[in-house]
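Here the structure is laid out as structure tokens; the discussion comes afterwards.
The values are calculated or read from the model by the stated rules, or taken from the named source; none is laboratory data. Because the structure is predicted, anything quoted here is derived from the model rather than measured. All Cβ positions, glycine included, derive from the backbone under ideal geometry; neighbour counts span all protein chains shown. The accessibility values were calculated without ligands, DNA or RNA, using every heavy atom of the protein model including side chains. Shrake-Rupley method; radii C 1.70, N 1.55, O 1.52, S 1.80 Å.
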Amino acid sequence: MGYHRKKIVLALIIFHIFILSGCWDREELNTMGVAGALAVEEKDGNKELAFEIYNPIREEEGGKEESVKFHRSSGVSFFDAIRNITMSYDKKIFFSHIKVIIVSEETAREGLLGFFDFWTRQHQPRLSTYILVAKDVSPSEVLSSREEMEDSYADYIMSLVKNSKNSGKTVSINILDFLKDFYGKEKQPIVGTILMKEEKQLGEGNKTGNKLYAEGAAVFSGDKLIGFIDGQEARGLNFVTEKMDSGVVVSPSPDEKGENSVEIINSESEYDVDFSGNDVRIKISIRILGALAETNAGVDTREPEIIKEIEKNNSQAVKLEVEHVIKKAQKELKTDIFGLGSSVHRQYPEKWASIKDQWNEFFLNAKIEVNVSTEIPRIGLINIPAGMEERK
Amino acid sequence: MMIGNGEKLTSFQVIMLVVTCRLLINYAFTPAFNLPPGNQDAWIIDVLSGVYILVMYLPVLFLSNRFRGIPPAQYFEILLGKYLGKFAGFMISLYLLFFAFFFSVIFIDFIKSSVLTTTPVYAILILLLVIAAYAAYIGLDSIIRAAELLIIFIMFIIIAFTVLNFNNFDMQAFLPILHDSNIFQLNLSAISLAGRFCDGVMFMVIIAYMDKKYSVNKTFITTLLLFSSFAVLLTVTTEAVLGADYAKRLNFPYYTTTQQINLFDFIQRIEFVNVIGWIFGFMIKISSFIAASSLVMRDTLKTKSNQIFIIPMSILIMVFILMTDITKNAVYRKIIYVYAPYLVSAFTYAFPLILVIVYFFRRKKLKAYGK
């Protein structure tokens, strides 16, 4: 055997040591409980966890098994609770595939740092996992209320969070986003909220059922929950933070005989900070690119003047929404949820060094001016609205 | 004196080996975040450290040019005399062995923290050292040939992972530039980072075996430019994805950065590719340090072959790792961030500087050696 061939054989042998041999850390599928969602709450000082675990044996003779199963455990610490689950469940929880964590309101008010310490210290959990706060409902209740749309509840909630960009009425925040805000000090963390509403079920007479909504956002100061904003306010927040890439704004028509719905295609924001002594003035300029999606006012959308009026009314509607959420953040929540601190930091770095620890007080007293402009280059496939001539 | 089958090294091979060795430190720790100011200007420390390494390496470059083709242990004796020269050679050999041991510790910590958490230390160590000792046994030139290929793989991973992470980039994370830190502070940190360039001794050893048709200075500058560019790329990617404030709290920031890749919910969970590159890179690094240590020992003790030192050295590394507390993360990190700069500076900058001073004092006598 030639010298080079010997080397190739040796390299292959070494390579196969890695890929063919077993090792101490092998994880067999039948010994793992692959979790998709996790509910976190605290009761009597104990950490209570509920897992949605994928069931690999779904189809069985004579029947159909659920695609997921639920298991609970509790312990003094999060890790203690996780290991305690093995007393009642024969598999070891595998964390890497957890897509969403739902935290109870009480746990969030106590502070999430303890949980994040556990989550980021371990090698299996991932920072890309989405986090939500369950408002007015227990997170384990959220997990165990089955929906028909998806096999897995984790997938269903994930879809709700991801689809939120279509309405802009919530925020999709993962653990990395939260930690960056928490450590960055320029913006207070926010996370999405999950609600459970009782609704009449279609085709079931007066029978009611629980329906999940990913709507609004939970506002934190540091790692502690301090309040909530609703869906409309979350949309105002998303306009400021440039997270509104879709969604619909309804505004009164120019003749005030109906409404126009404008679909948001893109939204950009600019922040201009001005200091005079200790007074901060911040000018937020929002530029919206939209498309006319619907009008029930019978206005002539062929007229440029009419389109200008629609643009102006749309801008006014967004301005009111944004001003409302800013007022709420300053007067009620008393915290900068918009990340305006980062604009101050970038525009006045020297000043920021001296005020960063008191930024919140500066924010509360800041004079914030909002300017919104809308451009509607497209009006859809029709130019004479339905019923316009009849209305005349 | 030869390093393997008698072939001389090319400039490209020297560059590839030193860059592989050096990049792995940034690949593992992205150390710029752990030095003051630890903010959005961290990447500037990486840029500046390249300049300081160049300045600090002037004595090594001078000696390597002046004693071209002569192994360090031999010119130590020429400059310092027989006994002091042998002592210096012995210490350099121990220095290289210490870092082979130290990188084995880092290797174990990374593997145990990230992928094989329950595998015992001895199992990882046996696998690592058997391969490293074998590679060192067949010769540094063989290791260098492997490094030639592996560094391309590692560079490809770094570039590919940067591109794949592009959707997670937050360019605002770099602003404001040079406002929250001052130039003096950044320069101090850059000097401190340059002081961790332990691979410089490796350069000093292997440059003696490079074919004389290549320029020492050009080889060093190319090495410096290449690894500085990739070090900056690693730091920039980590900062853009994680932010400096969070990155400095992590043990392996770049590994966490690679975990964030998710393109279209399709290309994701590919950090294992990064781990493979990392494992192969560390094997190259550890085996080359053992091989270089044994070569210096051979030249110092004037033995026929360096191979007789390799197995005892590997066993020594294993015994020290298994018998001491050094694999504890808190212990070895203290060595990296507190003691390593002194150790590296003493061997890489201070000692060569002393040799240069001695050279100028003994210049006339050295003419007898044709130097």
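What the table below lists for this structure:
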{"read-out": "Checklist (1) modelled with pLDDT of 90 or more; (2) among the basic types (Lys, Arg); (3) within 30 Å of B:ILE111 (Cβ to Cβ) applied to A:LYS92, failing item", "value": "(1)"}
{"read-out": "Tabulated pairs, the stretch B:122-138, first within 11 Å of another protein chain (Cβ to nearest Cβ) and among the small types (Gly, Ala, Ser), second outside any helix (DSSP H, G or I) and open to solvent by 20 Å² or more (accessible area, probe 1.4 Å), C-beta under 9 angstrom, 6+ apart or interchain", "value": "B:ALA123/A:CYS23; B:ALA123/A:TRP24; B:ALA123/B:LEU116"}
{"read-out": "B:ILE336, sole failed condition from (1) surrounded by 16 or more Cβ atoms within 10 Å (Cβ to Cβ); (2) at pLDDT 85 or above; (3) closer than 23 Å to B:PRO31 by Cβ", "value": "(2)"}
{"read-out": "Candidates B:VAL55, B:VAL60, filtered to the one that is more than 17 Å from the chain's Cα centre (by Cα) and of a type in the set (Val, Ile, Thr)", "value": "B:VAL55"}
{"read-out": "Some residue of the stretch B:17-32 being small (Gly, Ala, Ser) and more than 30 Å from A:PHE94 (Cα to Cα)", "value": "yes"}
{"read-out": "Given (1) over 15 Å from B:PHE29 (Cα atoms); (2) open to solvent by less than 30 Å² (accessible area, probe 1.4 Å); (3) among the acidic types (Asp, Glu), number of the condition B:ASP211 does not satisfy", "value": "(2)"}
{"read-out": "Selection status of A:GLY339, within 14 Å of chain B (Cβ to nearest Cβ) and either on the phi > 0 side of the Ramachandran plot or touching a residue at least 60 places away in the same chain (Cβ under 8 Å) (or both)", "value": "yes"}
{"read-out": "Candidates B:LYS304, B:LYS285, B:LYS371, B:LYS367, filtered to the one that is at pLDDT 85 or above and more than 25 Å from B:PHE102 (Cβ to Cβ)", "value": "B:LYS304"}
{"read-out": "Residue identified as farther than 18 Å from A:SER373 by Cβ, of a type in the set (A, V, I, L, M, F, W, C) and open to solvent by less than 70 Å² (accessible area, probe 1.4 Å) among A:VAL249, A:VAL280, A:VAL240, A:VAL262", "value": "A:VAL280"}
{"read-out": "The stretch B:267-306 - residue that is assigned to a loop (DSSP other than H, G, I, E, B) and within 14 Å of chain A (Cβ to nearest Cβ) and, of those, surrounded by the fewest Cβ atoms within 10 Å (Cβ to Cβ)", "value": "B:ARG269"}
{"read-out": "Members of the stretch B:177-195 found to be open to solvent by less than 20 Å² (accessible area, probe 1.4 Å) and either among the small types (Gly, Ala, Ser) or within 20 Å of B:ASP265 (Cα to Cα) (or both), listed by number", "value": "B:SER181, B:SER189, B:ALA190, B:ALA194, B:GLY195"}
{"read-out": "Scan of the stretch A:221-250 for residues that are more than 14 Å from the chain's Cα centre (by Cα) and of a type in the set (A, V, I, L, M, F, W, C), ordered by number", "value": "A:LEU225, A:ILE226, A:PHE239, A:VAL240, A:VAL248, A:VAL249, A:VAL250"}
{"read-out": "The stretch B:243-266, residues that are among the aromatic types (Phe, Trp, Tyr), touching a residue at least 60 places away in the same chain (Cβ under 8 Å) and not in a helix (DSSP H, G or I)", "value": "B:PHE252"}
{"read-out": "Complete set of residues in the stretch B:339-371 that are exposed (fewer than 14 other Cβ atoms within 10 Å of the Cβ) and touching a helix residue (DSSP H, G or I) at 6+ places or on another chain (Cβ under 8 Å)", "value": "B:TYR369"}
{"read-out": "Given (1) within 14 Å of another protein chain (Cβ to nearest Cβ); (2) over 27 Å from A:ILE355 (Cβ atoms), number of the condition A:GLY231 does not satisfy", "value": "(1)"}
{"read-out": "Qualifying residue in the stretch A:175-188 (condition: in contact with a strand residue (DSSP E or B) (Cβ under 7 Å, 6 or more places away or on another chain) and more than 14 Å from chain B (Cβ to nearest Cβ))", "value": "yes"}
{"read-out": "Residue selected from the stretch B:161-176 under the condition more than 9 Å from every other protein chain (Cβ to nearest Cβ) and in contact (Cβ under 8 Å) with a residue 60 or more places away in the chain, by the criterion most open to solvent (accessible area, probe 1.4 Å)", "value": "B:MET171"}
{"read-out": "Residue satisfying all of: in the stretch B:98-114; more than 7 Å from every other protein chain (Cβ to nearest Cβ) and more than 19 Å from B:LEU316 (Cβ to Cβ); most open to solvent (accessible area, probe 1.4 Å) among these", "value": "B:LYS112"}
{"read-out": "Residue match in the stretch B:221-238 (condition: within 14 Å of chain A (Cβ to nearest Cβ), surrounded by fewer than 21 Cβ atoms within 10 Å (Cβ to Cβ) and at pLDDT below 95)", "value": "no"}
{"read-out": "Qualifying position, being of a type outside the set (Ser, Thr, Tyr), within 26 Å of A:HIS123 (Cβ to Cβ) and not in a helix (DSSP H, G or I), among B:LEU128, B:LEU116, B:LEU150", "value": "B:LEU116"}
